[in-house]
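Structure record follows, encoded as structure tokens.
The values are calculated or read from the model by the stated rules, or taken from the named source; none is laboratory data. Predicted, not measured: the structure shown is a model, and the values here were computed from it. Note: ideal-geometry Cβ built from the backbone for every residue, glycine included; neighbour counts use all protein chains shown.
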Amino acid sequence: MSQVIACYKWVADEADIRINADLSVDLSKAKGKISDYDKNVIEAAVQAAAALGGKAVGVTFGTADAKPSLKDALSRGLDEACYINAQEASQADGAATARALAAAIKKIADVGLIICAEGASDTYSRQTAPRIGALLDLPVVTSVSKMDINGNILTAARKLDDCMQTVKVELPAVVAVLPEINPAPIPGLKAVLAAGKKTVTELKAADLGADLTPRSTVSEVKGYVMNRKNIIFNEGDLAEQVKALAAALRKEGVL
Amino acid sequence: MAGIFIYSDKADITSEIIGFARLNGKLPVVLTLSEKDAQALRNAGADKIIVIKGQSEMIENYARAIAAVLKNEGAELFAVGATPRGRDLAARVAGYLDCAMVSDISSASYKDEQLICTRMLYGGAVQQTEKLSGLSVITVPAGKYEPVQGEASLQTLELQADTRVSVVETAPIVKEGVDLSKAEKVVCVGMALDKAEDLQIARDLANVIGAEVGCTRSIAEERHWLPAESYIGISGAVVKPKLYISMGVSGQIQHVYGIRDAGLIVAIDTNEKAPIFKAADYGIVGDLYQVVPMLTEALKK
Ligand SMILES: Cc1cc2nc3c(=O)[nH]c(=O)nc-3n(C[C@H](O)[C@H](O)[C@H](O)COP(=O)(O)OP(=O)(O)OC[C@H]3O[C@@H](n4cnc5c(N)ncnc54)[C@H](O)[C@@H]3O)c2cc1C
């Protein structure tokens, strides 16, 4: 059991999202990026693969737009990547995503560890690791802030609301890591160049033999705007502005 | 028995989800892992409390068994408190059922036998509405619903645990900071502060108005000037004070997520284009080192 899987997602950069006046969401100007937390996932997989003496394999489920992710992911130290290139990814919910990833992982031999982030920076649903575990009936450890691999045993520190919990599991297993697990270094030029020569396996929806239909129905997607007063005190000098603010706070009855 | 099955490792959230079920005329059935938790929830309005007995102390390890119970009992919804353990359990149960799940709902309401849920995407920039029918799973953050009262019947149930993951050790997290989620007023500092000692400026204002001091993620996680519990946002605390005053906080979407439900938002920042002003009710464009001491003085009177 030596291969380590890093599940990662190519997402729209939230900083580029535009909300139109009618609250419709404009993603057309948004650049893609590897979900922030998945950079830590990739680094964790590279380290775990070294500990297990195996390869680190990236698996991503995305549309044709996700192609540029491969070079980026591979430059972060992965040995290989598996790209499920399917239009269904644009409509996928947590159920469909986990089914796609689980089906692709099943095709990879000798998997000892599957690493996901808690959630992706677009949807932040935090479903993927537990769902993959359920679909493959593997043990799952989430909220992992630290992990050690000793032979076939993984020991993980889980950061929960009320405690730090240390747990132990025999591999194969699925883990969801927190970003604090490692600092996810920025790849150097040499690594970027080497990435182009690494193996990428591309799978189509039909190759998976999995049902990629979502289980929930999205009925509306709209921009969220806060309805606030947006009053800036800019009359007179700073002292007067502060006085006006203090008066407003008194009037609001929030003091 | 149909109804809404409920689990949370936090009794407060369990009570609130029971309130949600009752609000919608559904029978709430609570799952717990200990007799003690069951007793504590005895009068919280559930129809029935089921105490799970089994070989593991981790609720997550009962996911497959709980999925089977939900199916056999004809449950219509599994509603779980949105905490690390709860989210794990919920998604694993959804995985075993291969059913729909909406995580960290902003709202949920029934219409024509469908559950209509909203949730935030892209760190809070976008709101998505999803419709669920048939047995589904949701996770519910704290503070969404009003608890109710009423006595529940008690029952125990033997379940098969998945013991592949086992606990080696548990160490309580020593919370150094305050529970900001319950604060009535919050003064929030951002990366504009030059040095840790300058936190005093925020503390002075906080003392005068009776507020707690919070911060942005970078202040806690990079500079370590305040404990991790003190940072506000999507990955930190979500606050609902009557009054929130920020100083030198740019107002990135991930931070604003955590102050959305604040009664009144006040921003002080040198950059008039800082996004925080779009999220604010009142603002002053200026240097916090000047503005905040003046405001503290003005509010003393
Ligand atoms: C996935 C992800 C999750 C995140 N989660 C969170 C989260 O939960 N919470 C969170 O807070 N952040 C979070 N962040 C980080 C977030 O994006 C911002 O980087 C962070 O909130 C910025 O902190 P800041 O406003 O303190 O600093 P900056 O963005 O650097 O803003 C400093 C502000 O101070 C102003 N300023 C400078 N000098 C002065 C002065 N003398 N007087 C007044 N104003 C001055 C500047 O104009 C600027 O607006 C997350 C980021 C990512 C990618």
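Of note:
- Scan of the stretch B:246-274 for residues that are part of a loop (DSSP other than H, G, I, E, B), over 17 Å from A:Gln241 (Cβ atoms) and within 6 Å of the ligand (Cβ to nearest atom), ordered by number: B:Val249, B:Ser250, B:Gln252
- Consider the stretch B:148-182 and keep the residues that are within 16 Å of the ligand (Cβ to nearest atom) and small (Gly, Ala, Ser). The one that is nearest to B:Ser230 (Cα to Cα) is B:Gly177.
- Flag for B:Ala100 being more than 9 Å from chain A (Cβ to nearest Cβ) and aliphatic (A, V, I, L, M): no
- Where a residue in the stretch B:208-230 is at pLDDT below 95 and its partner, wherever it lies, is away from the ligand (no atom under 12 Å from the Cβ) and of a type in the set (Asp, Glu), with Cβ under 7 Å and at least six apart: B:Pro227/B:Glu176; B:Glu229/B:Glu176
- Selection within the stretch B:123-154: residues that are of a type in the set (S, T, N, Q) and surrounded by fewer than 20 Cβ atoms within 10 Å (Cβ to Cβ). The member of this set that is farthest from the other protein chains (Cβ to nearest Cβ) is B:Ser153.
- Some residue of the stretch B:209-225 being closer than 27 Å to A:Ala239 by Cβ and in a helix (DSSP H, G or I): yes
- Within the stretch B:155-173, one or more residues are within 20 Å of the chain's Cα centre (by Cα), at the interface with chain A (Cβ under 10 Å from one of its Cβ atoms) and more than 30 Å from A:Gly253 (Cβ to Cβ).
- Cross-chain or 6+ apart pairs with Cβ under 6 Å, the stretch A:104-119 first and farther than 16 Å from A:Ile42 by Cβ, then among the small types (Gly, Ala, Ser) and modelled with pLDDT under 95: A:Asp110/A:Ser2; A:Gly112/A:Ser2
- Verdict on A:Ser35 being surrounded by fewer than 14 Cβ atoms within 10 Å (Cβ to Cβ) and small (Gly, Ala, Ser): no
- Filter result for B:Lys300 (within 21 Å of A:Gly253 (Cβ to Cβ), within 12 Å of chain A (Cβ to nearest Cβ) and surrounded by fewer than 22 Cβ atoms within 10 Å (Cβ to Cβ)): yes
- Test: residue in the stretch B:38-49 that is within 11 Å of another protein chain (Cβ to nearest Cβ) and surrounded by fewer than 23 Cβ atoms within 10 Å (Cβ to Cβ): no
- Hits in the stretch A:161-181 (condition: crowded, with 18+ Cβ neighbours inside 10 Å and in a loop (DSSP other than H, G, I, E, B)): A:Leu171, A:Pro172, A:Leu178
- Number of positions in the stretch B:117-147 that are outside any loop (DSSP other than H, G, I, E, B) and either within 16 Å of the ligand (Cβ to nearest atom) or of a type outside the set (Lys, Arg) (or both): 18
- Among the residues making up the stretch A:190-217, those that are within 14 Å of chain B (Cβ to nearest Cβ) and in a loop (DSSP other than H, G, I, E, B) are A:Ala210, A:Asp211, A:Leu212, A:Thr213, A:Pro214, A:Arg215, A:Ser216.
- Listed by position, the helices (runs of 4 or more DSSP H) inside the stretch A:46-155 whose residues that are more than 9 Å from chain B (Cβ to nearest Cβ) and aliphatic (A, V, I, L, M) number at least 3 are A:69-75, A:94-106.
- Scanning the stretch B:200-223 for residues that are basic (Lys, Arg) and either closer than 18 Å to B:Ile276 by Cβ or more than 10 Å from the ligand (Cβ to nearest atom) (or both) gives B:Arg203, B:Arg217.
- Qualifying residue in the stretch A:197-205 (condition: in the same structural domain as A:Ala89 (by TED's automatic domain parsing) and more than 22 Å from A:Val111 (Cβ to Cβ)): yes
- In the stretch B:137-185, the residues that are on the phi > 0 side of the Ramachandran plot and modelled with pLDDT of 95 or more: B:Gly150
- Hits in the stretch B:224-245 (condition: more than 8 Å from the ligand (Cβ to nearest atom), hydroxyl-bearing (Ser, Thr, Tyr) and more than 12 Å from chain A (Cβ to nearest Cβ)): B:Ser230
- Look at the stretch B:28-45: where a residue is not assigned by TED's automatic domain parsing to the domain that holds B:Glu151, no partner that is modelled with pLDDT under 95 sits 6+ places away or on another chain with Cβ atoms under 9 Å.
- Residue match in the stretch B:91-100 (condition: free of Cβ contacts under 8 Å to residues at least 24 places away in the same chain and either assigned to a loop (DSSP other than H, G, I, E, B) or of a type in the set (Asp, Glu) (or both)): yes
- In the stretch A:84-107, the residues that are out of contact with any strand residue (DSSP E or B) (no Cβ under 6 Å at 6 or more places or on another chain) and aliphatic (A, V, I, L, M): A:Ala86, A:Ala92, A:Ala95, A:Ala96, A:Ala98, A:Ala102, A:Ala103
- Considering residues of the stretch B:279-288 that are of a type outside the set (A, V, I, L, M, F, W, C) and either at the interface with chain A (Cβ under 7 Å from one of its Cβ atoms) or part of a helix (DSSP H, G or I) (or both) only, the residue farthest from the ligand (Cβ to nearest atom): B:Asp281
- Any pair with Cβ under 9 angstrom, 6 or more apart, that starts in the stretch A:129-157 at a residue that is over 14 Å from A:Val167 (Cβ atoms) and ends at one that is among the charged types (D, E, K, R) and part of a strand (DSSP E or B): A:Asn152/A:Glu170
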